[in-house]
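What follows draws every value from the coordinates through simple rules; no lab data is involved. Computed from a prediction, not measured in an experiment: that's the story for all the values here. Note that we place each Cβ from the backbone using ideal geometry, even for glycine, and neighbour counts take in every protein chain shown.
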Number of protein chains: 2
Amino acid sequence: MASFVRSIPEGEDRERLTCADCGFIAYENPKIVVGSVVEVEGQVLLCRRAIEPRRGFWTLPAGYMEMAETVEEGARREAWEEAQARIAIEGVLAIYSIARIGQVQVIFRAGLAEPGFAAGPESLDVRLFAWDDIPWDEIAFPSVRWALHHWREAEGAPLGLPAMNPPDDMRGMRPLPGDGL
Amino acid sequence: MASFVRSIPEGEDRERLTCADCGFIAYENPKIVVGSVVEVEGQVLLCRRAIEPRRGFWTLPAGYMEMAETVEEGARREAWEEAQARIAIEGVLAIYSIARIGQVQVIFRAGLAEPGFAAGPESLDVRLFAWDDIPWDEIAFPSVRWALHHWREAEGAPLGLPAMNPPDDMRGMRPLPGDGL
Ligand SMILES: [Zn+2]
Ligand SMILES: [Zn+2]
């Protein structure tokens with residue numbers, strides 16, 4: 001098994017994760033999450049998570065971007081994997097930085113390219129919610145709440161400059177309530 | 001030294017880079033580049049690269065985002081490192097996917113927050129160019145050309161929906177002329 005230690009490699013200016021056995025430097029880079037707010041006749045599509053963290057909580061169809069895909073392709077893949085939905089992307093709704101965990105989220109506004117959706121393997125349930133029925137107390141992550149509010153503000157209007165982090169968490173540093181995530 | 005092989009780990013659906021000695025899986029994730037088109041009185045700031053690849057060619061102040069920073073902080077840090085410039089970010093100009101190398105570029109439109117710039121350690125030269133004087137044959141990467149054209153199209157107007165890849169390279173798959181990069 002690899003055992004990693006933090007140290008500053010020669011010629012660098014900050015700590016990196018280095019394998020104590022073989023010297024391999026595991027560069028940690030921010031990860032990109034791609035996802036979308038999918039609207040169907042004024043309602044938004046949410047997925048109930050079947051996996052940790054936040055199992056049982058509701059989230060957008062979103063996940064880590066893979067190599068060799070574009071941001072749009074990643075968002076379409078995640079909508080298929082998590083909600084068995086074929087989406088039509090309209091444009092970028094928001095870009096969030098979650099500096100606390102080294103994450104950038106690119107969130108699109110989208111509709112369904114063809115009717116139908118269902119829970120994929122990582123979802124317990126997938127449903128459409130009218131704004132007033134959104135289960136705000138059971139939302140998985142703060143950025144899901146941000147994206148839903150930014151979607152609501154832009155509803156019915158053409159997309160403009162994407163939303164960024166809200167003023168009360170400009171760097172994405174607030175831990176989740178309860179579990180330190 | 002670590003020696004890595006490509007294989008499909010148990011429970012996964014695609015090849016990952018695995019250390020043959022210790023079994024460590026080096027997940028390859030797309031990397032985020034943050035940068036900006038910095039305008040000063042109608043001219044744009046370009047840096048002549050002091051490092052490979054594309055040494056001697058002109059580029060935007062841009063580079064890999066680090067952990068624990070936001071996209072805006074990353075773009076400001078890169079402008080300082082490469083052009084010794086303190087920039088004021090206006091908003092997102094473009095988001096490009098370079099699927100061929102697993103890269104997402106978030107490019108801002110910016111001005112100078114205070115006067116002055118100079119070549120940082122990774123630049124041979126930093127200069128302002130009027131549109132007609134941009135050295136198009138010595139531009140380092142296609143996405144620099146894309147960003148300059150998108151900047152030119154939006155010049156003087158408020159920023160709207162960010163530009164994405166141009167129609168002739170929707171996935172960012174074209175190698176650079178000459179060197180296969
Ligand atoms: Zn090792
Ligand atoms: Zn190893």
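B:F4's amide H: which non-local residues (gap 5+, or another chain) put their own amide H closer than 5 Å, with H modeled 1.01 Å from N in plane and none for Pro or chain starts?
Amide H to amide H, under 5 Å and 5 or more residues apart or across chains, B:F4 pairs with B:A20.
How far, in nm to one decimal, is B:P121 from itself in the other copies if the label point is set 7 angstrom along Cα toward Cβ? Shortest first, please.
From this label point to the equivalent ones elsewhere in the assembly: 4.5 nm.
Let me know the shape class of the protein assembly as shown, please: from the alpha-carbon gyration tensor, a ≥ b ≥ c as square roots of the eigenvalues, rounded when a/c is under 1.5, otherwise prolate if a/b is greater than b/c, or oblate.
Verdict is oblate for the protein assembly as shown.
Looking at segment B:1-73, which trypsin sites (Lys or Arg not before Pro) are DSSP coil and have at most 15 other C-beta atoms within 10 Å of their C-beta? Intermediate values should be presented prior to the final figure.
Details: sites: B:R6, B:R14, B:R16, B:K31, B:R48, B:R49, B:R54, B:R55; in loops: B:R14, B:R54, B:R55.
In loop regions of segment B:1-73 (DSSP not H, G, I, E or B), the sparsely surrounded trypsin sites (Lys or Arg not before Pro) are B:R14, B:R55.
Among A:A20, A:A130, A:A99, which one shows the highest mean-square fluctuation when chain A is modelled as a Gaussian network with alpha-carbon springs under 10 Å?
A:A20
Going through segment A:1-41, which GluC sites (Glu not before Pro) have at most 11 other Cβ atoms within 10 Å and a DSSP loop state?
Values: sites: A:E10, A:E12, A:E15, A:E28, A:E39, A:E41; in loops: A:E10, A:E12, A:E15, A:E28, A:E41.
Of the GluC sites (Glu not before Pro), the ones in loops of segment A:1-41 whose Cβ has at most 11 other Cβ atoms within 10 Å are A:E10, A:E12, A:E41.
How large is the helix-only mean residue ellipticity at 222 nm for chain B, computed as the sum of -39500 (n - 2.57) over DSSP H runs with n ≥ 4, divided by its residue count, in deg cm²/dmol to the nearest 500?
On the way: 2 runs with 26 residues, N = 181.
My calculation for chain B gives -4500 deg cm²/dmol from helical runs alone.
Measuring nothing but label to label, 7 Å from Cα along Cα→Cβ, what are B:I8's distances to the other copies in nm, shortest first?
So the label point of B:I8 gives 4.4 nm to the other copies.
Identify the residue of chain A whose Cβ lies closest to the rotation axis that maps chain A onto chain B, and give that distance in whole Å.
Value returned for chain A: A:G160, 3.
On average, how many beta carbons from a partner chain sit within 10 Å of the beta carbon of a residue in B:93-104? It would help to have the intermediate numbers written out before the result.
Details: counts 1, 0, 7, 2, 10, 1, 8, 2, 2, 6, 2, 8.
Shielding by partners across B:93-104 averages 4.
Let a ≥ b ≥ c be the square roots of the eigenvalues of the Cα gyration tensor of chain B; is it rounded (a/c under 1.5), or, if not, prolate (a/b larger than b/c) or oblate? Please list the in-between numbers first.
Values: a/c = 1.92, a/b = 1.80, b/c = 1.07.
Prolate is the answer for chain B, as a/c is 1.5 or above and a/b outweighs b/c.
Going 7 Å from Cα along the Cα-Cβ axis for the label, what nanometre distances separate A:P53 from the same residue across the other copies?
3.6
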